[in-house]
1. Kindly identify the stretch 70-160 as rounded, prolate or oblate by the Cα gyration tensor criterion: order the square roots of the eigenvalues as a ≥ b ≥ c, call it rounded if a/c is under 1.5, otherwise compare a/b with b/c, prolate if a/b is larger, else oblate.
2. Just the Cα atoms of the chain: what Rg and Dmax do they give in Å?
3. Using θ = phi - 60° and the Karplus relation 6.51 cos²θ - 1.76 cosθ + 1.60, list the HN-Hα couplings for the stretch 116-128 in order, rounded to whole Hz, with x at every Gly or Pro.
4. Apply 1/(1 + (r/R0)^6) to the Cβ-Cβ distance of Leu261 and Thr200, taking R0 = 22 Å, and write down the FRET efficiency to the nearest 0.05.
5. Contour minus end-to-end for Asp119 and Thr175, with contour as 0.36 nm per residue of separation and end-to-end as the Cα-Cα distance?
6. Would you calculate, for the chain, the mean residue ellipticity at 222 nm contributed by helices, counting each DSSP H stretch of 4 or more residues as -39,500 (n - 2.57) and dividing by all residues, to the nearest 500?
7. What list do you get for Ser132, Ser64, Ser192 if you sort them by fewest beta carbons within 10 Å?
8. Given axes a ≥ b ≥ c from the Cα gyration tensor, I'd like to know whether the stretch 41-91 is rounded (a/c under 1.5), prolate (a/b larger than b/c) or oblate.
Amino acid sequence: MDDETVGIALVLTSAVGFGTLGIFGVIAAEEGLSIPSVLALRFSLATVVVWAVRWYRDRFRVPSGRVLAIAVALGAIGYATQSGLYFFGLEFMTAGMVAIVLYTYPAFVVCLVAIANPDRVTRILLVALGLSISGVALITGVDPAGADPRGVVVVLGAAFAYSLYIVVSQRALATVDAETLTAFVLPAAAASFVAFGLGTNTLAMPDGAIGWGVVFAIAILATVVPVLTFFAGIARIGASRASIISTAEPAVTVALGALVLGEPVTVVTIGGGALVVAGVILIQREDA
């Protein structure tokens, strides 16, 4: 296969991997695992694997003090907040609905860009923003199945946190590659959840094969594999095309939620999700 085909396949693999996160999150909750426990183990295990891969490739480098500090802050505050709110949202809504609402984060990025650089906001970006907002409003107001208003607020908070993470990351990536940044974001996020779990007395190891199995699935299949395949895909087809292809992620979560967890999928859910994804695609094409 040529580089373009391989790149598309890698990004689709990444989308599928990230799309499983909500499914495994629901199963972890059913196994009685607390959010701090799951996420502390997720980021700790992912750190070990990512560092091992980078050591094997002879790419293990420590960035400068300023970039390292930014990476730690991104992990301990930005990524930890986004992940914590994402998993908290699963307590109120279906995995598919959480994935759709989270995918409004590019719209939040547009809002942040508008505040910092109003001249960069075009009519197309405003249309894209309207599509994303309309999609969430549609599935929240018309389709109450799985769309608890509390969950929508929580996951919108996750989307906003993720947009801040992306904006700050883009500045850091001017001086360090994405894989190196991720290698230091992951352990910082792990440390944040370890500290939170110890402080709230909610940190505990999984009990039984299913519990450990779902934790390893979250760490490897829903974190390490999609992160590495996404970076590899970007190297072959570029960031803009990769971002557009990755919009398959919420569709994967919705489909797996219906097949694995028996979550309801209505015409309104599909329509709202389509509006959100259309907004994301417009944003990515405008940025290309």
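Just so it is clear, none of the values below were taken in a lab; they were calculated from the coordinates. Predicted model, so just to flag it, every value in this text is computed and none were measured. Ideal geometry is used to build each Cβ from the backbone, glycine not excepted, and the neighbour counts take in all protein chains shown.
1. Here the stretch 70-160 falls in the oblate category.
2. 18.2, 55
3. 7, 9, x, 5, 7, 7, 10, 4, 5, 5, 5, 5, 4
4. Working: r = 27 Å, r/R0 = 1.24.
Efficiency, from the Cβ-Cβ distance: 0.20.
5. Working: separation 56, 0.36 × 56 = 20.16 nm, distance 2.53 nm.
This chain segment gains 17.6 nm when fully extended.
6. Working: 15 runs with 216 residues, N = 288.
For the chain, the value works out to -24500 deg cm²/dmol.
7. Values: Ser132 27, Ser64 10, Ser192 24.
So the residues, fewest neighbours to most, are Ser64, Ser192, Ser132.
8. On the way: a/c = 4.35, a/b = 1.51, b/c = 2.88.
It comes out oblate by the Cα gyration axes.
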